[in-house]
There are 4 protein chains.
Amino acid sequence: MSRIVRAGVIGCGYWGPNLIRNFAHHDEASVVVVCDAVLERAQRVAGMYGVARATTDPAEVISAPDVDVVIVATPARTHAALAKAAIEAGKHVLIMKPMTTSVEDAEELVDLAEQHGVIVAVDHTFVYTGAVRMMRQLVESGALGEIFYVDSVRINLGVFQSDVNVIWDLGPHDVSIIDYVLGGILPTQVSAVGAAHAGSRRENIAYLTMRYGPNVVGHVHVNWLAPAKIRRTIVGGSKQMIVYDDMQPSEKLLIYDKGVTIAPDDDPEKVYGELVSYRSGDVLAPRLDDREALSVEVDEIIRCILDGGTPTADGAAGLRTVRVLEAAARSARDGSHPVELDADHRTPMTPLRIVSESETRTASAK
Amino acid sequence: MSRIVRAGVIGCGYWGPNLIRNFAHHDEASVVVVCDAVLERAQRVAGMYGVARATTDPAEVISAPDVDVVIVATPARTHAALAKAAIEAGKHVLIMKPMTTSVEDAEELVDLAEQHGVIVAVDHTFVYTGAVRMMRQLVESGALGEIFYVDSVRINLGVFQSDVNVIWDLGPHDVSIIDYVLGGILPTQVSAVGAAHAGSRRENIAYLTMRYGPNVVGHVHVNWLAPAKIRRTIVGGSKQMIVYDDMQPSEKLLIYDKGVTIAPDDDPEKVYGELVSYRSGDVLAPRLDDREALSVEVDEIIRCILDGGTPTADGAAGLRTVRVLEAAARSARDGSHPVELDADHRTPMTPLRIVSESETRTASAK
Amino acid sequence: MSRIVRAGVIGCGYWGPNLIRNFAHHDEASVVVVCDAVLERAQRVAGMYGVARATTDPAEVISAPDVDVVIVATPARTHAALAKAAIEAGKHVLIMKPMTTSVEDAEELVDLAEQHGVIVAVDHTFVYTGAVRMMRQLVESGALGEIFYVDSVRINLGVFQSDVNVIWDLGPHDVSIIDYVLGGILPTQVSAVGAAHAGSRRENIAYLTMRYGPNVVGHVHVNWLAPAKIRRTIVGGSKQMIVYDDMQPSEKLLIYDKGVTIAPDDDPEKVYGELVSYRSGDVLAPRLDDREALSVEVDEIIRCILDGGTPTADGAAGLRTVRVLEAAARSARDGSHPVELDADHRTPMTPLRIVSESETRTASAK
Amino acid sequence: MSRIVRAGVIGCGYWGPNLIRNFAHHDEASVVVVCDAVLERAQRVAGMYGVARATTDPAEVISAPDVDVVIVATPARTHAALAKAAIEAGKHVLIMKPMTTSVEDAEELVDLAEQHGVIVAVDHTFVYTGAVRMMRQLVESGALGEIFYVDSVRINLGVFQSDVNVIWDLGPHDVSIIDYVLGGILPTQVSAVGAAHAGSRRENIAYLTMRYGPNVVGHVHVNWLAPAKIRRTIVGGSKQMIVYDDMQPSEKLLIYDKGVTIAPDDDPEKVYGELVSYRSGDVLAPRLDDREALSVEVDEIIRCILDGGTPTADGAAGLRTVRVLEAAARSARDGSHPVELDADHRTPMTPLRIVSESETRTASAK
């Protein structure tokens, strides 16, 4: 392989051009061919970024001998077939979120990639932001203490997707953020509530709940029908807590040195008594890496292709996210009953490293 | 009865003195006796508001011949017994939220009050705020169109209650707001997720979901372990939407003239296609009645006692709220499985007046 | 002239490419040549927008027979000479803000343009935003009543300009906004306070005060050394008031239906007495035209060139702004003493149409 | 003197009762007599806080043998006469802001207090807040580096005062905050712009500028005619910068680790060139003392009376503030021309300790 990663991009809609721009502007990459169902769209984007070839036929991209990595930026339901063909043609793939719209498809892609020795990367853009990487670091270092919960809200008016519901469209952002912040982890249980309004046949508002063992909770509110734009993730820990508000123009991440300690009150008179003490210290907005997340992501993929290594948002991360989304979609459809998830060799149930011994003991003693 | 409503107050903790102040300062009311387990506390509050008698014995308040209305401002688990005794002594009662900690108790109070011809009022303070009354009015008038969902968040660090979990402590606020805004309505199904952290034995974070028929969703996030204080209720409708942010110093209620219209796309090529059109107009922050909610509430109770009538937050509203909370607490304890609610004569399942014919038809055809 | 306006652009730094993009994408315009001191920069921008020629020589742009309008997007101190040459070559000109760095130069450009029958437009971008146009409309229609003051703050950390101080760099935005909102008006008096910090020889923080007759005040705070980004203009009127906060992602403009009425208190006992009554109604965030301001501006210039007419931000507006800035810079240098401005035929002292008779009478009776 | 400080309070309007409450609830103080022009008002407040005597005659308070400190909480124009009488009767005095409405009066009070050996304290409440004390500490410790400017905004609709303009009413807050934060310092020059709108005869909007030596600027915007409530003070320094936003419910004070360094560019080609480098680090919201400012203030005065010592907001601070306000009022009346202030023995011109050698040198070399 040359020391230039040559990309072929399928899909020149809303998001595709951003990827094309980042590959085109990268010193060690180039875009050699772009594809879209609408030829004019492909040609216009090719013109903007100096791409030599434009086509309407995905097979031209997938089979091109001068393409090292195929970027799949098409509607979600088409991801699996296109990525499968690309992998089988020996190409690395970078797939927009959600990786696929079924666990079965995602598993097949992971397996195929392993067989063919190619990289599968998923465009979980947010895990490449300075804010989310800082959150991961704070959780991993133990600065937050035991993690109690992650609560994530992503609501706005529109943009309605043409082929998936809001769980599959906005859900991947929050589910992949939580997965990444907690260290790459499959919940033990998922449930969801959804509703389809305004005449649509697909859920446009949904609440997802993920449980990680007996007591740690992840919760996601995704909504295409909200009047105001809110994108906010809260992480509650025993030592510190985080509010990540992506709508702030600056100081997006606040670290609160706050907490509560509760001890049983042994006074026999107070049957229900607990001794609660509050702690409240400084709030810190750390300086964040403010590079465009997509450029960090694209750079990492290029690094992995040229030098080896696994992307942060690899096939396993994509698969874990799809497992959660599929379970959530099923729960939403089936009366919101919780769906149990089982670990398997592709998505092992990693214990939360940040859960202390004592917490685990308390939990299991329940 | 004289034209002055004479109140006796049991409980001089955090909230009690606010009620004492409002009754004491009202032209047509007076506080004749206050009671607290700690005599000094009762005496100090009595001194501040010129109340003649202070006692540690609730029975003294309940049996006092010069008391017209007993205010029960004690911990939640004691509400039922105190209110029952007061009603049986022929007193009107105003009970702090939650009315009781069991449906059985709440039903008994409603029945007893009817037998004794006295008023049961519940301190659902928020339904007396200018913002929530405006929300009700907008829903009732049809200005919002069909109601899609109500999403309510009430989170902060502490204050942990000594005898109930966060569902029973903060939940009554949001559940009663949603009940009132939707016109006094029992959900058909309730589920909840809860977790007890920081060494506590009681849930300190919870998510409640209420379904009203097939498609209208109410959702509540209550949390004692959040680093920042958020109190925000969103109402999504087909014509307009509301964001009520109680933490704003002014312009707490925003009415968004925004919406989405979705029509099936009959183009046979587009299997999943829907034609979506967005509408976005002005945002209005209407002038709100800014009287203290508690003074509006106290004034209404005094009016009802003197002139007859039923308080906005009457026993039936208290009971509906307790039914939701009890179901939520059960669901949270039992793996988050949804709990069905049945209408009965005390809490009939009022249809959402604001749901249009077409919506109902679509929903039932599913 | 063909029905396509052919632009030549001098300056491909920070702002130039935005103009190139807007001319290049306009149906009735094209960019035929771009110029920059750094050839690579000119070539790169030419490549991005399909411009045929790139040069380092401004004269090539100015003398090109296929150029209808010259866009001067160079550092401020070079505007006058370049624009003068272009006008004398019979070209229309669009000059970045500030139009020039001296009143003398601006006057010369206005006179020359008149002689040569060409259009001088100034890139007062903000007057083309939906928010500022709405403000103008509200003032003009009398909806605000009598105008009391306009207060404008534009502060942030950097970006320091290489050839002018903060008065000449950020000042044009606020001065041109106030000029436009008040209907194109020269203040009677200008004063300013400035300070040069952090080792710079040029003012990087300044306060400008403009007086319009005896009682109407405009005030501007511009600052390159502020830790947070604030861009906010307040207009106080007798009937309504406006807050325009450009940092808000939405609802940038709030119209407050608020006011105060003051009447002298004739009670002889109260020597200083005045009877004040407050009025507080709804707050409205009107839907704003959300087109990119620059595209509205470019479209207007193209319209004027093709069909005749005068741009909103014409040479006279540019000159008025330069007169205020020059006076402010002089006041800041000379101990902050107020500088009187005299009307002349190029910048007549238009009376504030929105000032009522009574206000004028009160003021002159002082 | 007993170990209980006995206070007599003149003025039971808006602010007086807050002082009465704080003295009445303090362990080492009591309120023995209250006075108001309206007897019922005095009696009602006396009743609320258990004060034995209520009167309409200030002389009764001033001459009462059991009064140690007289609190002057009357309209501004009456402060001087009442405080003078109290001092001459040998009482300590605590005077609401502004201390007096003329420099002459303030000087007389300071001199008299010295002669009579009593304490003069001024109710500059904000200098007792946790936020402002933290600001002072950060400036004093050198954490901010050289101070560039302090910008303070305090605007809202109303409340119009009955006997002074907005400079004398709101101005004392910001002027005393700046005075305190900069270490107790008299500006060398003051100018102001004012306007009287809405039919009032007194300025209801004003801008004050204070210069401290050649380059440090203080600026204040006070306004009774603004639609939104803003209370925000920015301190710009060479190492760090502060934004204190008093309208935030929490995190009122943000410390920005941000700055700019500018060096002359010696490249002879670049006549105007300067090399600018930006620095941007974390933002910290330190935990602040959240006690009620007034209780901190009252406690300090009681300590000074019982144990000796000088209050933070002593007569000298009050006098410095009045000197600035009087100069500002004069400038506003006289065409906004700057007024020079001379140091004298009562208000010496303390150099800004936080201004470095190099800054001073640069400044004087100008």
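Using a label point 7 angstrom from Cα along Cα-to-C-beta, what distances in nm, from shortest up, separate B:GLU28 from the other copies?
Relative to the other copies, B:GLU28 has label-point distances of 5.0, 7.0, 8.1 nm.
Per residue of D:81-93, how many C-beta atoms from partner chains lie within 10 Å of its own C-beta, taken as a mean? Walk me through the numbers on the way to the answer.
Working: counts 0, 0, 0, 0, 0, 0, 0, 0, 0, 0, 0, 0, 0.
Mean shielding count: 0.
Quick one: dipole size for the protein assembly as shown, taken about the Cα centre, charges +1 on Lys/Arg Cβ and -1 on Asp/Glu Cβ, in debye to the nearest 20. Please report the intermediate quantities before stating the final value.
Values: 140 positive and 196 negative charges, 1 e Å.
The calculated dipole for the protein assembly as shown is roughly 0 debye.
Once the label point is placed 7 Å from Cα along Cβ, list for C:GLY50 the distances to the corresponding points in the other copies, in nm, shortest first.
Result for C:GLY50, in nm, nearest copy first: 1.8, 8.4, 8.6.
Please express the Cα-Cα pair-distance distribution P(r) of region D:63-156 as a list of whole percents, one per 10 Å bin, running from 0 to the bin with the greatest distance.
Calculated P(r), rounded to whole percents: 15, 35, 26, 20, 4, 0.
Mind checking the mean number of beta-carbon atoms from other chains within 10 Å of the Cβ atoms in B:217-228?
On the way: counts 7, 0, 6, 0, 6, 0, 6, 2, 10, 9, 17, 12.
Taking all residues of B:217-228 together, the mean is 6.
Which log10 I(q)/I(0) values does region B:17-174 give at q = 0.10, 0.18 Å⁻¹ under the Debye formula, counting every alpha carbon as one identical point scatterer?
Normalising to I(0) and taking log10 leaves -0.45, -1.22.
State, as an integer percentage, the relative contact order of region D:19-71 based on alpha-carbon contacts under 8 Å between residues 6 or more apart. Intermediate results must be reported in sequence, preceding the final value.
Details: 60 pairs, mean separation 16.6, N = 53.
Once normalised by length, the contact order is 31 percent.
List the pairs from A:LYS91/A:LYS252; D:LYS97/D:LYS229; D:LYS91/D:LYS229; A:LYS258/D:LYS97; A:LYS84/A:LYS229; A:LYS97/D:LYS258 whose alpha-carbon separation is above 27 Å, in the order I gave them. Don't skip to the answer; put the middle values down first.
On the way: A:LYS91/A:LYS252 37 Å; D:LYS97/D:LYS229 21 Å; D:LYS91/D:LYS229 38 Å; A:LYS258/D:LYS97 37 Å; A:LYS84/A:LYS229 36 Å; A:LYS97/D:LYS258 37 Å.
The pairs that break the limit, which is 27 Å between Cα atoms, are A:LYS91/A:LYS252; D:LYS91/D:LYS229; A:LYS258/D:LYS97; A:LYS84/A:LYS229; A:LYS97/D:LYS258.
Mind listing the Cα extents of region A:154-305 along all three principal axes, in Å, largest one first?
For region A:154-305, the Cα spread along each principal axis is 61, 41, 33 Å.
For A:ALA263, place a label point 7 Å out from Cα along the Cα→Cβ vector, do the same in each other copy, and report the separations in nm, one decimal, smallest first.
Label point to label point, same position, other copies: 5.7, 6.7, 6.8 nm.
What does the extension gain come out to for D:HIS116 and D:GLU140, with contour length at 0.36 nm per residue minus their alpha carbon separation?
Here the answer is 5.4 nm.
Using the Cα atoms as the points, what is the convex hull volume per residue of region A:35-87 in Å³? Walk me through the numbers on the way to the answer.
Details: hull volume 4.2 nm³, N = 53.
Here the figure is 79 Å³ per residue.
Quick one: in chain A, whose Cβ comes closest to the A/D rotation axis, and how close in angstrom?
A:LEU284, 3
Inside 10 Å of the C-beta atoms of A:275-283, what's the mean count of C-beta atoms belonging to other chains? Provide the component values of the computation, followed by the final result.
Values: counts 2, 10, 2, 4, 1, 6, 2, 7, 10.
Mean partner shielding for this stretch: 5.
Which value in Å does the Kirkwood hydrodynamic radius of region B:89-212 take, with 1/r averaged over all unlike C-alpha pairs and then inverted? Spell out each step's value before the answer.
Values: mean 1/r = 0.0610 Å⁻¹.
Taking every pair of different Cα atoms in region B:89-212, averaging 1/r and inverting gives 16.4 Å.
Divide the volume of the convex hull of the Cα atoms of region D:285-351 by its number of residues and quote the answer in cubic angstrom per residue. Show your work: numbers first, answer last.
Working: hull volume 11.8 nm³, N = 67.
So the per-residue Cα hull volume is 176 Å³.
Residues with amide H under 5 Å of B:VAL31's amide H, sequence separation 5 or more or different chain, H placed in the peptide plane at 1.01 Å from N; which?
Here the answer is B:ALA7, since their amide H atoms fall under 5 Å of that of B:VAL31.
For chain D, what number results from the quotient of the Cα radius of gyration and 2.2 N^0.38 Å? Don't jump to the answer; show the numbers that get you there.
Values: Rg = 21.9 Å, N = 366, 2.2 N^0.38 = 20.7 Å.
Computed over Cα atoms of chain D, the ratio equals 1.06.
Given springs between every Cα pair under 10 Å in a Gaussian network model of chain C, which of C:ALA106, C:ALA313, C:ALA196 has the largest fluctuation?
C:ALA196
Computed from the mean reciprocal separation of all distinct C-alpha pairs, what Kirkwood hydrodynamic radius does region D:1-108 have, in Å? Can you show the working numbers first?
Working: mean 1/r = 0.0740 Å⁻¹.
The Cα-based Kirkwood calculation yields 13.5 Å.
Charges only on Cβ, +1 for Lys and Arg, -1 for Asp and Glu: so what's the dipole of chain A about the Cα centre, in debye to the nearest 20? Walk me through the intermediate numbers first.
On the way: 35 positive and 49 negative charges, 147 e Å.
Taking the Cα centre of chain A as origin, the dipole is about 700 debye.
How do C:286-293, A:140-147 rank on mean C-beta neighbours within 10 Å, highest first? Intermediate values should be presented prior to the final figure.
Details: C:286-293: 15.1, A:140-147: 17.4.
Output ranking for C:286-293, A:140-147: A:140-147, C:286-293.
More than 65 Å apart: what percent of Cα pairs in the protein assembly as shown qualify? Could the numbers behind the result be given before it?
On the way: 174389 of 1070916 pairs.
Looking at the protein assembly as shown, the distances longer than 65 Å represent 16 percent of pairs.
Read-outs throughout are calculated quantities, based only on the coordinates presented, and are distinct from any laboratory measurement. Because the structure is predicted, anything quoted here is derived from the model rather than measured. Positions of Cβ are backbone-derived with ideal geometry, glycine not excepted, and every protein chain shown enters the neighbour counts.
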